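Take a look at the structure below.
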Amino acid sequence: MRSRAKVSGRRTFIGVGVVALVAIGLALTLSYCARSPAPGTPATPVGAHGKSGRGGRGGGGAPMITVAVATASLGPIPIQLSGLGAVTPLATISVNARVSGMLDKVAFKEGQMVKKGQLLAVIDPRPFEVAEQQAQAQLLHDQSLLATARTDLKRYQTLAAQDSISGQTVDTQVQLVRQDEATVVADQAALANAKLNLSFTHITSPVSGRVGLRQIDAGNQITANETTPITVVTQMTPMTVVFTLPEGAIGQVSQRGGGAGLPVSAYDRAGGSVIARGVLATLDNEIDTTTGTVKAKANFPNTDGALFPNQFVNVMLLVDTLQNQVIVPTTATRHGPQGDFVWVLQPDKTVKARPVTVGPGTPETVSIVSGLRPGEVVITDGGDKLREGAKVILPRGQSGSPAAPGRAPPGGHHHHGGGGQGGPAPAAG
């Protein structure tokens, strides 16, 4: 009985101990949650308790964050339309033989730039020279017969006037003269054809441009207009780019004289750098119903050869330019549950969320339609870790002092792309 009482007492003691430990843990948890701010609640601004912490920490124990800043300024913002295009030469011509024969000579180097009319290849001309001589001889023979027939006709006409021969003889001779004249005309055409075929043995470039790879070597027997060309010549200057625009952009382009002459920039495939500048030539006359786009063509001088046939490029069409816009780096704008906002640097080096209305922009800068004034300083880097009223550290050389309206922003981090996510919702008003 005593042993059972002891065991029961121990169990009771252990149970009471466990309950006590659970109660202590729950109390500590509730105490910690009461002291910790709720998710999304701004931390206590630096200086709220009159002192800042040690070791680079702001008020409330929150560490200060190093940020980059830029000053909002007034400037122009281009209104641009983008599209994907392909470089299309004005002329791409397959060089074929126009007469059959042995390819005697190739007079070009692969990749060579040639002028219009420059010799590219020679077909053995000897058979065509012989044909020309034969046509010339036949013409001389028939011209002689024609001369004899005309002389006889004059003689017959004289005798007929004297009633020495019949009129039928004269009429027959007249028809003979006409037959000989027709034969001479045919001989002249045959001679011209022989000379033309002889000229075709010297194959010249139809346009100025770049010669491609050689498809047929010298010594091969080739036929006229065969499927495989000797080479291909592509005109390199000027060059065109055919690209697509969304159908909604037709109105913007058409309002400016049909768009002809609007500036166009061609970027490399990655879209990082401009490789050529030109002007818009025209829009196509119909919309592609499968893609909802319309084709456009732009002309480029391409004097440096930067555009290569069939190359894919990104195209930016400048439709308009807005002047005197409030401009900040694109990385200054952020997106919260209540819309777009920016972190504005205060004189005491704290930050405040400011709701803004974002307008048109470029990959580097964006215009602010409302919510920001020129000269105000905004955070461009490090804003994803900020909270309302947090105190920040500026890099060496950046004062963060507001500049006069219209001045260019000081050096900061200007990145491509939009601002980061995760900032708090901007305060109302």
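The values are calculated or read from the model by the stated rules, or taken from the named source; none is laboratory data. Keep in mind that this is a model prediction, so the values were computed, not measured. Ideal geometry is used to build each Cβ from the backbone, glycine not excepted, and the neighbour counts take in all protein chains shown.
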Selected residue [in the same structural domain as Ala86 (by TED's automatic domain parsing), more than 17 Å from Thr362 (Cβ to Cβ) and under 12 Å from the mean Cα position of the chain (by Cα)] from Gly292, Gly278: Gly278
Options Arg210, Arg277, Arg269, Arg214: the member that is under 19 Å from Ala86 (Cβ atoms) and part of a loop (DSSP other than H, G, I, E, B): Arg269
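Determine whether Gly167 is at positive phi, exposed (fewer than 14 other Cβ atoms within 10 Å of the Cβ) and not assigned by TED's automatic domain parsing to the domain that holds Pro263. I'd like the intermediate steps shown before the answer.
Working: at positive phi: no; exposed (fewer than 14 other Cβ atoms within 10 Å of the Cβ): yes; not assigned by TED's automatic domain parsing to the domain that holds Pro263: yes.
No, not satisfied.
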Tally of residues being surrounded by fewer than 14 Cβ atoms within 10 Å (Cβ to Cβ) and not charged (D, E, K, R) across segment 244-259: 6
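Determine, yes or no, whether Glu247 is of a type outside the set (Val, Ile, Thr), under 30 Å from Gly117 (Cα atoms) and at pLDDT below 95.
Working: of a type outside the set (Val, Ile, Thr): yes; under 30 Å from Gly117 (Cα atoms): no; at pLDDT below 95: yes.
Taking the combined requirement at face value, the residue does not satisfy it.
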Only one of Gly382, Gly419 that is surrounded by 18 or more Cβ atoms within 10 Å (Cβ to Cβ), modelled with pLDDT under 90, within 19 Å of Ala68 (Cα to Cα) and out of contact with any helix residue (DSSP H, G or I) (no Cβ under 8 Å at 6 or more places or on another chain): Gly382
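Which one is farthest from Ile230 (Cα to Cα) among residues in segment 87-119 that are part of a loop (DSSP other than H, G, I, E, B) and touching a Gly at 6+ places or on another chain (Cβ under 8 Å)?
Keep residues of segment 87-119 that are part of a loop (DSSP other than H, G, I, E, B), which gives 90-91, 96-100, 107-112, 115-118.
If we keep only those that are touching a Gly at 6+ places or on another chain (Cβ under 8 Å) as well, we get 91, 110-111.
Values: Ala91: 17, Glu110: 11, Gly111: 14 Å.
Only one residue fits best here, namely Ala91.
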Counted residues, segment 302-335 - those being surrounded by fewer than 23 Cβ atoms within 10 Å (Cβ to Cβ) and outside any strand (DSSP E or B): 10
